[in-house]
Structure formats: C-alpha cells, structure tokens
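Right, one structure below, let's go through it.
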Ligand code: EPZ
C-alpha cells in the first residue's frame, strides 16, 4: 500500500496530443491573492468570509497552517470559507508546511502585529531560486520587532506591539510588501513603504484590509502609506481572477486553433501581456462581458521578452510563453530577471524536440514545426503548465512526472481540459 505522499510523487499525467480542443475554460480565483488574504484573517478576532477561493493544494496548506494557529475555518463549498481566529492556540508555522509552501511566510507579519510574537520556519530555497526573506525581516526590525533565527525558525518578538517606520525596499518584493502592509495596519503610528510591489494581488489585499477598517493609501503605486489602527473588523471579500492561469489558457488557445473561449480573463491585469501577444500575432478579443476568444495569424512572429515586476512581463508566464515561442517562425529570446534558476523546463522542452539554448539568464528559442510526445519532468508550478501545453499540442503521447507541482496552482485542471476535449489521465508510475 503506497502512502499519500508516495502516490503524489509517483503520479504522472499522461496526455494524448493534437486533440481538437474547443469550449469554455473558466479562470479561477488567484492563488497569489488567496494566500495573503487568508493570512490577513489572523489580524482580527472577527469572522472573515472569502469567496472565489481557488481549490488548490497551496490553499489547503494555508488552511492547515491557520487551523494549527487556532483559526476556526468553515467552508460552505471549496470556494467559499469563513475564517475566525478568536484566540491563538499556537504561534508556530511549522517546517512541515513551510517547506511545502514558501508563502507560509505571509503569516509572520499579521501574527507579530496582533500577538507580539511569531515563530515561522525559515523558508528554504526552491527550484527556481534561493528566494531569501531578508527584506521581510529587516523591515519588521525597523518596526521594532526583535528577530532571532534559531534551529531553522524565525522568532519575532514585539511584546509592546510594532511601531510605524519608513521602509525602503532595496528590491521590489511581492510577499514582502504584503507582509509589511499586514504588519503595519495594527502598528502604532504611520508606516511608509517605498519601492512597494504594484501587483494586482497586493492591491486586492489592501482592498480587503480597508474593508476590515485599515487605513491604507497608495496601494498599486510605489509608495504605500499606512496609519495603524487599534483593531480590525470582519468582512466578506471576493478573490480576484488569476491572471497567470488566464495567460496560461490564452497560450494554449493560441496553439490549438483558438476555439477555446476563456471566461473571467482579467484584461485589466494583462495589458502588457496582451501587447506581447499582439507582437507575436495573437489577439485577445472580448466576446461578451466576461469572455474572450483568441485569434491568431498563420505565422507567429518571434519576439524578445524580459521578465520584470508588474505591470511588465510576469516571470510566472515565462515558461508558458517559451512553449508558445517554440512555434514562432524565427528566433526569440526570453531573459529571466526575477529568479536566478527558472529555466529548468528548457531541457524538458528540448526532450520534446524544441531547440532552446541558454546563455546566462537568456533562453534563445529557435522556432520549430512540431513537438513530439515524450517522458518529461515538471520542475516547478509554472514549468508544469508549460509542459501540459506542450503535451496537448505535441504529436503522440507525453508523460509528465512530478505533476503534483501543477495541483499547487491550477484548480481542477484535468477536468477543465477534459471538458474542452483533451484526452489525459493520471497514472501511478511504479
Ligand atoms: C511572489 O513570490 C509570487 N508568489 C511568485 O509566484 C512570483 O513569481 C513572484 O512574486 C514574482 O512575481 C506569491 O505571491 C505567493 P518576490 P515572492 O519577493 O513574493 C528577491 C507562482 O508561480 N527577494 O517578489 O516570494 C527574490 O529572491 C510563484 O505562483 C530577496 O532578495 O517573490 C526574487 O529574486 C512563484 N529578498 C525577487 O526578490 C527578500 O526578502 C522577487 O521576489 C524577498 C525577495
């Protein structure tokens, strides 16, 4: 009898390529908005209801982490849950969860702010980079927290509460901005965050915190100003659509004759990405208030892409666009500026017949006519999405190993793809 973990590690996704795909793909709630909004429920003893929560492995892990701390969670279905942390039963985010999901670091700010103490396992590196959290810790120290690293855990003390501070992030950090925003809403006095992240998920978090009674200005700009308040209320909040899932579906649609309609495609969060699509010869066309279709030119044009912070090209769509540019008529380049090790899908795509070379932080992609099915490995969440797209358009059968990465960030993806005619199934690889 194999354990749940062994099953997860041995599971492969088998895809028969070149099937005609048509129908509606619905974009779910955003993982990278759901996780910080769930962490923010720590900041009040009142009930917070979150709607449009995506049913993902990472969301399950965050629920487990919050329940370990003492939160009472009630879900009327997989996408609507109420959270209430009347009083804590633990101040620890343990290694077992943090090692599976780095975003667990998001409970640090809210716990120190509300309880004056938190113990969070230090997130190690992951397959895409070292990913330190030094900027989070430095900012909390500027707000008066005493930070110690002991036995692999961050211990943060602020028994008298946090104090407002003027913080300059040397580097733009998404979860760093979110963590400090959550720490500052209950701090004494004013906090200013300079060089803040502009991502829509940061703005969505600020929106919910303001509904809870927080005093925040400037979210969505590089300078966020927060005046601390004594306590926060409960609220109800709907998670924004997942722009990365939407971009992933648009790439698939462009490579499969565009008979796929995408529902909840957040045009407003993908303006720059839509421009890049246009440069390649792909057009995102609204068909009604919440649906788009994808039209493309016969010949896809090669382009050069630089991954950057929002609103420029997201690193979380880099791998999917690499699969797309395998079919461009010419040579494209993608430079990865955010994470130092986010090209592990290159060797897997080359196993399927792609022609990609890496020079420093740039991948040089020579257009080819066809990919062929093969055994490949998913190396991280977004790389797994790139392999699924490749498998769906390749000639023959593709087997994707370590597919558990996919379930961390794509809700019910097998069902969604089968509903538009894909032939795919999961097997346990003995
Ligand atoms: C968020 O990660 C996202 N995760 C990532 O999505 C996304 O790739 C990333 O932002 C960039 O857009 C969530 O929102 C849960 P960063 P985060 O801090 O916040 C360096 C996905 O696929 N840095 O903005 O961890 C860091 O190493 C995931 O859904 C420091 O040096 O990323 C990186 O090079 C993957 N010190 C850069 O800054 C710090 O203290 C940006 O990282 C913090 C970050």
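Every number in this text was worked out from the coordinates using simple rules, so none of it is lab data. These figures come from a predicted structure and were not determined experimentally. Reconstructed Cβ throughout: ideal geometry from the backbone, glycine too, with neighbour counts over all protein chains shown.
Per-residue extension of 0.36 nm, minus the Cα-Cα distance of residue 160 and residue 210, leaves a gain of 15.6 nm for this segment. For the chain, averaging the sequence separation of C-alpha pairs within contact (under 8 Å, six or more residues apart) and dividing by the residue count gives a relative contact order of 21 percent. The percentage of C-alpha pairs in the stretch 292-426 whose separation is greater than 21 Å is 40%. In the chain, helices alone account for a calculated mean residue ellipticity at 222 nm of -9000 deg cm²/dmol, with every DSSP H run of four or more residues adding -39,500 (n - 2.57). Residue ranges 85-92, 318-325 sort as 318-325, 85-92 when ordered by packing (mean number of other C-beta atoms within 10 Å per residue, highest first).
Within a 10 angstrom radius of the beta carbon, how do 398, 372 rank from fewest other beta carbons to most?
372, 398
For the pair the stretch 275-312 / the stretch 97-164, the C-alpha centres are spaced 38 Å from each other.
If we sort 129-142, 335-348 on the protection proxy, mean other Cβ atoms within 10 Å, highest first, what's the order? Kindly include the intermediate steps, with their values, before the conclusion.
Details: 129-142: 17.7, 335-348: 19.4.
Highest-to-lowest ranking by the protection proxy: 335-348, 129-142.
Structure remark: mean-square fluctuation, Gaussian network model of the chain, C-alpha springs under 10 Å; the largest value among 31, 20, 399 belongs to 20. Entry note, the stretch 186-259: relative contact order of 34 percent, from Cα contacts under 8 Å with a spacing of 6+ residues. What fraction of the DSSP beta bridges in the stretch 326-430 is antiparallel, stated in percent and rounded to the nearest 5? Counting only bridges with both partners in the stretch 326-430, antiparallel ones make up about 70 percent. Averaged over residues, the count of other Cβ atoms within 10 Å places the peptides 203-213, 409-419, 237-247 in the sequence 237-247, 203-213, 409-419, highest first. Normalising the average separation of contacting C-alpha pairs (under 8 angstrom, six or more residues apart) by the number of residues puts the relative contact order of the stretch 289-430 at 19 percent. How many angstrom lie between the C-alpha centres of the stretch 197-244 and the stretch 11-57? Using only Cα atoms to place each centre, the spacing works out to 19 Å. Note on the stretch 1-151: antiparallel DSSP beta bridges, both residues inside, total approximately 80 percent of the bridges counted.
In the chain, the DSSP beta bridges split such that about 75 percent are antiparallel, to the nearest 5. Mind jotting down the distance between the C-alpha centroids of the stretch 331-364 and the stretch 365-430, whole Å? Comparing the Cα centres of the stretch 365-430 and the stretch 331-364, I get a distance of 18 Å.
Neighbour counts of other Cβ atoms within 10 Å put 169, 313 in the fewest-to-most order 169, 313.
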